[in-house]
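The values are calculated or read from the model by the stated rules, or taken from the named source; none is laboratory data. Every value quoted in this text rests on a predicted model; they were computed, and no experiment measured them. Every residue, glycine as well, gets a Cβ built from its backbone with ideal geometry; the counts of neighbours run over all protein chains shown. Note: areas computed on protein heavy atoms with side chains; ligands, DNA, RNA excluded. Shrake-Rupley method; radii C 1.70, N 1.55, O 1.52, S 1.80 Å.
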Amino acid sequence: GSVAADPDPAEGPAPAPHSGSADDGPLGFTLRSDYDEREYEDRMPYLRAVRRRRRSRIRTSLKIGIALAVLLAFLGVGDRWAVLYAENKAAEKVQGALKLHAEPEVHINGFPFLTQLASERLDDVDITIPDMPAGRVSVAQVKGSVNDVRIVGDAPTSIKGAVLGQMRGHVLLDFDDLDRELGTSQVRFTAGGKNTVMADGKLPVAGTEVKVRARAHLERTSDHGIGTTVDDMRLEVPKLFSYTPGERGGLQLSRPLAKRIQHDAAKAKALFGVGSIAKRFGLTPERAAQVRQSEDKLHEVTGTPKFVDKMMKVNMLDVLMEHPELLKKIGIDPSLIEGLKKIEEPKLADKLSLSQKLPDMPGDVRLTGISVAKDGIRADLEGVDVPFGETAKK
């Protein structure tokens, strides 16, 4: 046989041949020995105890979370109940203090309410008051918000009053209410612009229903009142004429009446018998006489397209006063003109005018602006440190 060579000391000891571990499998995976199985079985009670404690902590945390949620829910419900109670009490106080026909709407904002109540100060309150009496005309709505409400008394059951720190809101005078409560002459008010109200109504004059139209400009008469300046008044007798009272007044024929004159020779000849009217149409006295005597020459004047428009622009008031016989000839009842002449402009303006003051309120509440909306007249107001309830009485 061959003799094995001694290993070279410089190369170090030869590596031991890999015999494989007893726990290694044929593919190199470690296999659990019988000893490990016994050790795992010995630790099973400990692991089960750990799992039980973990499940117990989870159940405990879940119970605490549910309990806190229920508690918070009860606190929230209690807080909201306290808000509703306070809102109802406040609405009753406002209704009684202002002698309202309907109970107002009161909304206390902010959460939680109970902490505000404990400090006897409310951060923000909204209030809406419907149908508030204010002299001749009831206010359709008062709506506003109040910041920093200081409660006077023992909240929540014995509240005596309050001091409204800062108040902002507006009042609305509804046109429907104005029509109903001021409509002694069947006057109807509508929006005419930012600060303008149009007044349309009817007046009986000499047995004839005369339409009245006017424009009213809104203005602040004081820090607590509004009023109107009425101008551009016009009275209209349908299909006959329109009349403007006053020093600069006049009477213009309506288009239907002007057309009837155009096609009625007798009416036209009667008008051209008045020198001022003939002159308005550019007729000399000689030419006017020819027009009255000749149907053809009359047609030359009345047949022009601009005849009706010219006739409507003639101020007939002075003419009819100087020649009252023309009234019947052109189809106007003389008693109607006499009745219109008796209407004085100031009295007519008084019937169409608006004058309104803010409802009596304690404290310093002032108008800051007025405007005309689609539904009515809106007045903006502000107040500072306004006492309310028994506090206001003191």
Practice task
Could you grab me the full set of residues in segment 105-130 that are within 24 Å of the chain's Cα centre (by Cα) and open to solvent by 70 Å² or more (accessible area, probe 1.4 Å)?
Solution key: 105, 107
Completion exercise
Exactly one of 320, 235 is surrounded by 15 or more Cβ atoms within 10 Å (Cβ to Cβ), part of a helix (DSSP H, G or I), in contact with a Leu (Cβ under 9 Å, 6 or more places away or on another chain) and in contact (Cβ under 8 Å) with a residue 24 or more places away in the chain, and that residue is 320
Practice task
Check 292, 255 and return the single one that is touching a Leu at 6+ places or on another chain (Cβ under 9 Å) and in contact (Cβ under 8 Å) with a residue 12 or more places away in the chain.
Solution key: 292
Exercise for the section: Can you give me the number of residues within segment 187-202 that are open to solvent by less than 20 Å² (accessible area, probe 1.4 Å), modelled with pLDDT of 75 or more and closer than 15 Å to residue 236 by Cα? Expected result: 2
Exercise for the section: Report yes if residue 242 is part of a helix (DSSP H, G or I), in contact (Cβ under 8 Å) with a residue 12 or more places away in the chain and closer than 21 Å to residue 308 by Cβ, otherwise no. Expected result: no
Fill in the blank from the handout: Cβ pairs under 6 Å, 6+ apart or interchain, first in segment 116-129 and more than 8 Å from residue 105 (Cα to Cα), second assigned to a helix (DSSP H, G or I) and open to solvent by less than 20 Å² (accessible area, probe 1.4 Å), ordered by first then second residue, are 122/116
Completion exercise
Among (1) assigned to a helix (DSSP H, G or I); (2) open to solvent by 40 Å² or more (accessible area, probe 1.4 Å), residue 282 falls short only on (1)
Exercise for the section: Determine whether segment 284-292 contains at least one residue that is of a type in the set (Ser, Thr, Tyr) and more than 13 Å from residue 258 (Cβ to Cβ). Expected result: yes
Problem - Within segment 258-269, considering residues that are of a type in the set (A, V, I, L, M, F, W, C) and open to solvent by 20 Å² or more (accessible area, probe 1.4 Å), the one farthest from residue 324 (Cα to Cα) - result: 265
Exercise for the section: Name the residue, out of 222, 276, 294, 242, that is among the polar types (S, T, N, Q) and open to solvent by less than 20 Å² (accessible area, probe 1.4 Å). Expected result: 242
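So that you can scan it fast, the table gives a plain yes or no per residue for (1) closer than 30 Å to residue 226 by Cα; (2) at pLDDT 85 or above; (3) touching a Leu at 6+ places or on another chain (Cβ under 6 Å); (4) not basic (Lys, Arg):
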residue	(1), (2), (3), (4)
303	no, yes, no, yes
306	no, yes, no, no
309	no, yes, no, yes
313	no, yes, no, no
360	yes, no, no, yes
364	yes, no, no, yes
Practice task
Identify the single condition in (1) of a type in the set (Val, Ile, Thr); (2) in contact with a helix residue (DSSP H, G or I) (Cβ under 7 Å, 6 or more places away or on another chain); (3) at pLDDT below 75 that residue 184 does not satisfy, given that it satisfies every other one.
Solution key: (2)
Problem - Selection count where residues are in contact (Cβ under 8 Å) with a residue 24 or more places away in the chain and closer than 14 Å to residue 295 by Cα, scope segment 264-282 - result: 7
Problem - Condition broken by residue 131, with the remaining ones in (1) in a helix (DSSP H, G or I); (2) at pLDDT below 75 satisfied - result: (1)
Fill in the blank from the handout: If we keep only residues of segment 85-114 that are of a type in the set (D, E, K, R) and not in a helix (DSSP H, G or I), then the residue nearest to residue 144 (Cα to Cα) is 105
